[in-house]
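Before any comments, here is the structure.
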Number of protein chains: 2
Amino acid sequence: MTGKVDHEKRRRQIAEALLRIADTEGLQSASMRAVATEAGVSLRLVQYYFTTKEGLLLDAFARLGTQLQARMQRWIGEARAPREVVTAILSCILPTDAESRRITRTYTAYYTLVLTDAEAIGKHGVSQPDLLESFLVKQLRAAREAGEIAPERDVEMAAAGLLAMVNGLGQSVLGGQRDGEAALAILTHHLDELFLPSAGG
Amino acid sequence: MTGKVDHEKRRRQIAEALLRIADTEGLQSASMRAVATEAGVSLRLVQYYFTTKEGLLLDAFARLGTQLQARMQRWIGEARAPREVVTAILSCILPTDAESRRITRTYTAYYTLVLTDAEAIGKHGVSQPDLLESFLVKQLRAAREAGEIAPERDVEMAAAGLLAMVNGLGQSVLGGQRDGEAALAILTHHLDELFLPSAGG
DNA sequence: ATGCATGTGATACACATGTACCATGCGAAT
DNA sequence: ATTCGCATGGTACATGTGTATCACATGCAT
């Protein structure tokens, strides 16, 4: 019944079980046993493939980051004009469909951990927001040079503000204050004020 | 050694011990025993004044809300012009000093709970963001009628965007992406673009 | 003085958790 | 055929958790 199994496949199976639990019930419910059951394997196997719980947590977190990155590239890939790229970057994070709702919720579940166990998980994902922000700055700068944004606009400030706004909007959607469409409308409204009236999505 | 003790005083002593733990180590470390030790009382007393842990969690959460509200009124009280009031509302939430850092961190600690145990804690604090937003809308509308904001501006959209931005900026500060002053600078920049150039703090 | 409610202490209980340990089946190399 | 390492199952152990229970002291009303 044994015979050289695909380690990566098993690890993914287990890690995604954890992410599923983190999404639906929160990370505090993601015990080793719960993950094992959700993944359909024995507790021993979870230990076997991820010696410690911290290892499992870290690996699953890395996978979550990869998933978000993949989604973002998929969304950006469909964009052509600079404004479309910017819109893609920002609205892709918003919890408007099932996938982004899942990713956002799960990220939020991890967020608390990052704040208290900063040294453990922190160093793995803290650079990502900065990378995203500088990428957004680059896109905004390109849009400004293409004449889609007024030249006197400060794109660094705009990028930081938009990113923070999108995060905050995501929070409000998850908290039930408004739905995804309303959040997207707010984002679009602010993009309308940043970009000059002309071409656009 | 007994003799009619002040219940409210004891409850506050214990609830604030929990908030202190939630701030520094996160809510997952706030066990009944840890709270008892932090408050300098026996485990039995925590049980006595808050029968169940959920009760303690809820009471402490309510107190946290009160603290934030008090801070906001204190900040607003020093403001005179409409723009100053708006600035006070928004920057008061930003983790720029020790108090707001504490409040923001602790709120974040609760946020995860609200997402998973929505029915329990949710109904107690979910209305507050909406109230805050409509209050901000009212202030912005007043500012617009006072000629401090261009008449074609959509104040509802602006209010929602600003509030979300401030929340997102707070997240980034807590996550160590930037410090409180940088966050405040980003907020100020956006307020500069919303308000017409004239008077202001 | 007695009894009862209030405030406080110590401890027990049942359960969940992360991890460690022992056992077994199976393929491959010797 | 034996041996060895990989993959897996089962289970034990120590600890931490929320809550319940027993015990005792003190103040107030009778």
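So which residues in the stretch B:1-32 are among the basic types (Lys, Arg) and farther than 22 Å from residue B:108 by Cα? Can you show your working first?
Kept after step one, since they are among the basic types (Lys, Arg), are these residues of the stretch B:1-32: B:4, B:9-12, B:20.
Selection gives B:4, B:9, B:10, B:11.
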Taking the stretch B:1-58 and keeping residues closer than 27 Å to residue A:112 by Cβ and aromatic (Phe, Trp, Tyr) leaves B:49, B:50
Among helices (runs of 4 or more DSSP H) entirely within the stretch A:1-96, at least 3 residues that are more than 12 Å from DNA strand C (Cβ to nearest atom), under 30 Å from residue A:150 (Cβ atoms) and more than 14 Å from every other protein chain (Cβ to nearest Cβ) occur in A:53-77, A:82-93
The lone condition residue B:86 fails out of (1) over 10 Å from the mean Cα position of the chain (by Cα); (2) open to solvent by 30 Å² or more (accessible area, probe 1.4 Å) is (2)
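Rundown of residues vs (1) under 16 Å from the mean Cα position of the chain (by Cα); (2) farther than 25 Å from residue A:182 by Cβ, yes/no style:
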site: B:93; (1), (2): yes, no
site: B:116; (1), (2): no, no
site: B:129; (1), (2): yes, no
site: B:148; (1), (2): no, yes
site: B:152; (1), (2): no, no
site: B:161; (1), (2): no, no
site: B:164; (1), (2): yes, no
Somewhere in the stretch A:37-51, is a residue in contact with a His (Cβ under 7 Å, 6 or more places away or on another chain) and surrounded by fewer than 17 Cβ atoms within 10 Å (Cβ to Cβ)?
no
Note on residue B:9: of the conditions (1) free of Cβ contacts under 8 Å to residues at least 12 places away in the same chain; (2) open to solvent by 80 Å² or more (accessible area, probe 1.4 Å); (3) near DNA strand D (Cβ under 10 Å from one of its atoms), unmet is (3)
* To do: Report whether or not residue B:22 is within 13 Å of DNA strand D (Cβ to nearest atom) and open to solvent by less than 20 Å² (accessible area, probe 1.4 Å).
  => yes
Counted residues in the stretch A:139-185 being touching a residue at least 60 places away in the same chain (Cβ under 8 Å) and farther than 16 Å from residue A:100 by Cα come to 5
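The values are calculated or read from the model by the stated rules, or taken from the named source; none is laboratory data. This is a predicted model, so every value here is computed, not measured. Here Cβ is always computed from backbone atoms with ideal geometry, including for glycine, and neighbour counts include all displayed protein chains. The accessibility values were calculated without ligands, DNA or RNA, using every heavy atom of the protein model including side chains. Shrake-Rupley method; radii C 1.70, N 1.55, O 1.52, S 1.80 Å.
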